[in-house]
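The values are calculated or read from the model by the stated rules, or taken from the named source; none is laboratory data. A quick note: this is a predicted structure, and the numbers were derived from the prediction, not measured. Heads up, the Cβs are rebuilt from the backbone with ideal geometry, glycines too, and the neighbour counts pull from every protein chain shown. Side chains included, ligands, DNA and RNA excluded: accessible areas come from the protein's heavy atoms. Shrake-Rupley method; radii C 1.70, N 1.55, O 1.52, S 1.80 Å.
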Amino acid sequence: MTTSHALRLPSGPVDLSTLPTDATPGFDGDKEEGEQALLEMGAELAELQERLFAERTTGSSRNVLLVLQGMDTSGKGGVLRHTVGLVDPQGVRITSFKAPTEEEKRHDFLWRIRAALPGPGYIGVFDRSHYEDVLVVRVHGLAEPAEIERRYDAINAFEAELVESGSTLVKCMLHISAAEQKERLLARLDDPTKYWKFNPRDVDERAQWPAYRTAYETALERTSTAAAPWHVIPSDKKWFRNLAVGGLLLEALRGLDLRWPEADFDVAEQQRRLADEAPVG
């Protein structure tokens, strides 16, 4: 099973062209074995997620926030279905960030992010995130350079605050190649049942690929910290992408050393009450 050590972004300058998009770091099996490995971790993922949810009844503030960033077609939706889908949806909060509304534009860029943070006991998932405000915004010149520069430090301070308050951040950059993206876009056009997933603007955005790569490299380098490190997930192989994110999520939950809350009542007394209960109904 893949681990954070195999996927964690190395320190120092970031050059995405040196990081493979089709590798399987930390896993030696093939597609069939990888899909099976993901299914096998499902039971433990589900139990740990339930323990986290149960812990909130004790007043714990702990939660997990999974941040998914990547170019169009990198597979954020696939991770939600195949990996996050392994746990009880009652304990998950998924937020997909689109272009900001007029109201959101009137506030600091983190305003809408704070409003979507998971509460105690939950696994929160950001399908895109506050990083859009140093990626898309930078590529399309939607804010002044000085404002974008300010945002890197603001993000680091924000994430440090989250960790201090009980959140565990799992930040994943889904790393695909331009060639793989092209194949996925063409596949959507070859299948009438997937036309709804195709947006002509995605083709326009491909022309900005070098600018996006630079924006990602800067964001990754500037915001990968000890408290909230980035993990770069090779995502040309969908099955490995799903397995890798599952492994990181499982590792994060294990690291919390979650325990079932102890009863705050006399268990034996309640057992006697039910045993002595008169027939009901």
Cα gyration tensor of region 217-272, axes a ≥ b ≥ c as square roots of the eigenvalues: rounded (a/c below 1.5), prolate (a/b > b/c) or oblate? oblate
Cα shape, the chain, gyration tensor, a/c 1.5 rule: prolate
Counting only heavy atoms of the protein chains, get the accessible area per residue of region 14-89 (1.4 Å probe) and round it to a whole Å² value. 47
Calculate the spin-label point distance for Glu149 paired with Arg81, positioning each point 7 Å from the Cα along the beta-carbon direction, and give it in nanometres. 4.4
Lys, Arg +1 and Asp, Glu -1 on Cβ, resulting dipole of the chain about Cα centre, debye, nearest 20: 680
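I'd like the carbon and sulfur percentage of the solvent accessible area for region 68-214, probe radius 1.4 Å, heavy atoms only, ligands and nucleic acids excluded. Before the final figure, lay out each step's value.
Numbers: 3930 of 7380 Å².
Carbon-and-sulfur percentage of accessible area, whole number: 53.
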Low-density loop GluC sites (Glu not before Pro), region 220-268, at most 13 other Cβ within 10 Å, DSSP non-H/G/I/E/B, are Glu262
Within region 247-271, what residues put their amide N at less than 17 Å from the label point 7 Å along the Cα-to-Cβ vector of Ser60? 249-264
Excluding residues fewer than 8 positions from Lys182 in its own chain, the lysines with Cα under 27 Å of it are Lys31, Lys76, Lys98, Lys171, Lys194, Lys197, Lys237, Lys238
Cα axis of helix 178-189 to longest principal axis of the chain: angle in degrees, 0 to 90, nearest 10? 70
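Counting only protein heavy atoms and using a 1.4 Å probe, what share of the accessible area of region 1-49 belongs to carbon plus sulfur, as a whole percent? Don't skip to the end; give the middle numbers.
Working: 1460 of 2940 Å².
Carbon plus sulfur share of accessible area: 50 percent.
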Nearest 10 degrees, 0 to 90: helix 238-255 Cα axis against the chain principal axis: 50
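Which longest run of the chain has no exposed loop site in it, a site being trypsin sites (Lys or Arg not before Pro) in a DSSP loop with at most 15 other beta carbons within 10 Å, and the site itself not part of the run?
Working: sites that count: Lys98, Arg106, Arg259.
With a cap of 15 other Cβ atoms within 10 Å, the longest stretch comes to 107-258.
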Per residue, how much accessible area does region 128-186 show when a 1.4 Å probe rolls over the protein heavy atoms, in square angstrom? 41
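Among DSSP beta bridges whose residues both lie in the chain, state the antiparallel percentage, nearest 5.
Working: 1 of 24 bridges.
Bridges in the chain are about 5 percent antiparallel.
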